[in-house]
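Step one of this worksheet: look at the structure below.
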Amino acid sequence: IRASLLFTPTSAKYGDNVVEESQNMPWYTGGPLMHLLETVSIEHKMGDEAQPLRFPVQYVIRPISDKFPDYRAYAGRLSGGVLRKGDTVRVLPSGLTSTVKAILQADKELDMAHTPESVSVLLDDDIDISRGDMLVGAEGSQPVVTQQLKMHCCWFNETEMQLRKRYILRTAVSETVAMVQVVDYKVDVSTLEHVEGVTSLKMNDIAHISVKTANPIVV
């Protein structure tokens, strides 16, 4: 993996080189941190076949016209791996499999697509696929399909998080109703100790929580 390191000397306390160039560091002429973040070039490593295929479906294309009576394509952006024409893929959470019939990008057809390209995929079989489903490789590493999650979270809402209250949980492009069953522990940000027996979270609280979702999600 190729990587470049860029350094910007800053003082958060006094705001030196954060948004504007500092007058207290005449020896540094590289510009403030914000400028670096807005202009730095990020290269994606195309075609990393070592990564498992992950293709979240963002949109189902169905013109339903005289010219395309049975046309159905699945649009999205690869978030992992490589997708090839002729590959056998598995649809999650249903678990059904099919073969990639074609890969389209705008008005051209591709033999393969790499992360993080956005493409439309046609399959050989007429499978019920909707927004939020995911195409993965039929073999190899598989995501977990579950309705029970454990996760770290930082609560950003001014209204306290309550146990058993319904919330909307989004993963990639999927969305489902979820509820927090229990707060396993809250993190004391001063000592990093685990505080147990917590039943709600206030704004900026960091905690480890157990969540149950109404529908299976791909993790």
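The values are calculated or read from the model by the stated rules, or taken from the named source; none is laboratory data. Being a predicted model, the structure only gives us computed values, none of them experimental. Cβ sites come from the backbone with ideal geometry, for glycine too, and all protein chains shown count toward neighbours. Note: accessible area is taken over every heavy atom of the protein model, side chains too, but ligands, DNA and RNA are not part of it. Shrake-Rupley method; radii C 1.70, N 1.55, O 1.52, S 1.80 Å.
Results, tabulated for the structure shown:
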read-out	value
Aspartates and glutamates with Cα under 17 Å of Lys13, excluding same-chain neighbours fewer than 8 positions away	Glu21
Candidate lysines for bridging to Lys85, where Cα separation is under 20 Å - those fewer than 8 sequence places away on the same chain excluded	Lys101, Lys108
Equivalent ellipsoid, segment 77-152 (semi-axes from 5 times Cα gyration tensor eigenvalues, Å)	23, 15, 11
Rg(Cα) / (2.2 N^0.38 Å) computed for segment 21-100, rounded to two decimals	1.90
Options Gln181, Ile61, Met134, ranked by Cα towards positive dipole end of the chain, top entry (Cβ charges)	Gln181
Straight-distance crosslink candidates among aspartates and glutamates, where the alpha carbon sits under 19 Å from Lys186 and sequence neighbours closer than 8 are dropped	Glu158, Glu160, Glu196, Asp205
Karplus 3J(HN,Hα) series, Hz, for segment 6-22 with 6.51 cos²θ - 1.76 cosθ + 1.60 (x for Gly, Pro)	10, 10, 10, x, 9, 10, 5, 4, 9, x, 5, 6, 8, 10, 10, 5, 7
Three semi-axes of the equivalent ellipsoid, segment 62-116, Cα gyration tensor, whole Å, largest first	20, 16, 11
Peptides 76-84, 138-146 ordered by average Cβ neighbours within 10 Å, highest first	76-84, 138-146
Three semi-axes of the equivalent ellipsoid, the chain, Cα gyration tensor, whole Å, largest first	39, 30, 16
Most to least accessible of Met179, Met134 (protein chains only, probe 1.4 Å)	Met179, Met134
Net +/- balance of residues flanking Glu139 in space, Cβ distance below 13 Å, scoring K and R +1, D and E -1	0
Of all accessible heavy-atom area on the chain, the percent that carbon and sulfur account for (1.4 Å)	51
Segment 100-218 - accessible surface per residue (Å², probe 1.4 Å)	60
Global size of segment 97-214 as Cα Rg and Dmax, reported in angstrom	19.9, 57
